[in-house]
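S.K.: Okay, handing you the structure first.
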Amino acid sequence: MSFNISVIVKGIIAGFVGTLVLTGLMMMKKNMGVMPELDPIHMMSTMAAEKMGTQVSLTTGWVMHFVLGAVAWGGAFAVFNGILPGGSQVTKGMAFGIVAWLLMMIGPMPMSGAGLFGLSIGVMAPVMTLILHLVFGAVMGFTFAKLLGSSD
């Protein structure tokens, strides 16, 4: 795959689609009463408020969530696609999802007060977030493949 801006744009679009699916699953999880305390949107809004020293609306958390999922993760997926393990884009996406999950578990989770790997929330926090990131990666990889015109 040749590397150009259109590939990055396709990665951003794929990241956006993956983030939409991830967000839908997060909302379903919360509405079903499954780990409602695991709320990344609220966590990001709270962290932004603390950093800025003022109150921040949940809208800020939603914007951060989609910018990270689409632009940061989607763009990075396109850039690093050639070195990701896996024979298909779906597999590459899942591998990338694991990396994104790991970075979230050792960075933003502890910074938000949820502890390393979110264990302050409970032992299911890392499991739940890993599943969500695997789905995110699979959807992102599938979408990226379709945008590239690939059949995988």
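The values are calculated or read from the model by the stated rules, or taken from the named source; none is laboratory data. Keep in mind the model is a prediction, meaning the values are calculated, not measured. Note that we place each Cβ from the backbone using ideal geometry, even for glycine, and neighbour counts take in every protein chain shown. Quick note on the areas: whole protein, heavy atoms, side chains included, nothing else; ligands and nucleic acids left out. Shrake-Rupley method; radii C 1.70, N 1.55, O 1.52, S 1.80 Å.
S.K.: Can you find, among 111, 88, 61, the residue farthest towards the positive end of the dipole of segment 28-152? Put +1 on the C-beta of Lys and Arg, -1 on that of Asp and Glu.
M.R.: Among 111, 88, 61, the one farthest towards the positive end of the dipole of segment 28-152 is 88.
S.K.: Let me ask something else about it. Output ³J(HN,Hα) for segment 35-42: one whole-Hz value per residue in order, computed from phi by the Karplus curve 6.51 cos²θ - 1.76 cosθ + 1.60 with θ = phi - 60°, and x for Gly and Pro.
M.R.: Going residue by residue, I get 6, x, 6, 8, 10, x, 5, 5 Hz, with x marking Gly and Pro.
S.K.: Further, regarding this structure: Can you give the relative contact order of the chain as a percent, counting alpha carbon pairs under 8 Å and 6+ residues apart? Present the calculation step by step, with values, prior to reporting the outcome.
M.R.: On the way: 211 pairs, mean separation 51.1, N = 152.
Reported as a whole number, the value is 34 percent.
S.K.: For segment 89-99, what does the Karplus curve 6.51 cos²θ - 1.76 cosθ + 1.60, with θ = phi - 60°, yield as ³J(HN,Hα) per residue in whole Hz, taken in order and with x for Gly and Pro?
M.R.: 5, 4, 5, 4, x, 5, 4, 5, x, 5, 4
S.K.: When the accessible area of the chain is split by element with a 1.4 Å probe, what percent falls to carbon and sulfur? It would help to have the intermediate numbers written out before the result.
M.R.: Values: 5760 of 7810 Å².
Accessible surface attributable to carbon and sulfur in the chain totals 74 percent.
S.K.: For segment 1-83, what is the relative contact order in percent, using Cα pairs closer than 8 Å and at least 6 residues apart in sequence?
M.R.: The normalised contact order for segment 1-83 reaches 50 percent.
S.K.: Using θ = phi - 60° and the Karplus form 6.51 cos²θ - 1.76 cosθ + 1.60, what ³J(HN,Hα) does each residue of segment 77-84 get, whole Hz, x for Gly and Pro?
M.R.: 4, 5, 5, 9, 3, x, 10, 6
S.K.: Can you give me the pair-distance distribution of the chain, C-alpha pairs, 10 Å bins, whole percents?
M.R.: It works out to 12, 40, 32, 14, 2, in whole percents.
S.K.: Could you tell me how far the Cα centroid of segment 87-152 sits from the Cα centroid of segment 1-50, in Å?
M.R.: 10
S.K.: In Å², what does the accessible area per residue of segment 10-152 work out to with a 1.4 Å probe?
M.R.: 50
S.K.: Choose one answer from 88, 45, 57: the residue with the largest mean-square fluctuation in a GNM of the chain with alpha-carbon springs under 10 Å.
M.R.: Looking only at 88, 45, 57, the largest GNM fluctuation is found for 57.
S.K.: Let's see if you can work this out: charge +1 on each Lys and Arg Cβ, -1 on each Asp and Glu Cβ, no other charges. What is the dipole magnitude of the chain about its Cα centre, in debye to the nearest 20?
M.R.: Using Cβ point charges on Lys, Arg, Asp and Glu, the chain gives about 220 debye.
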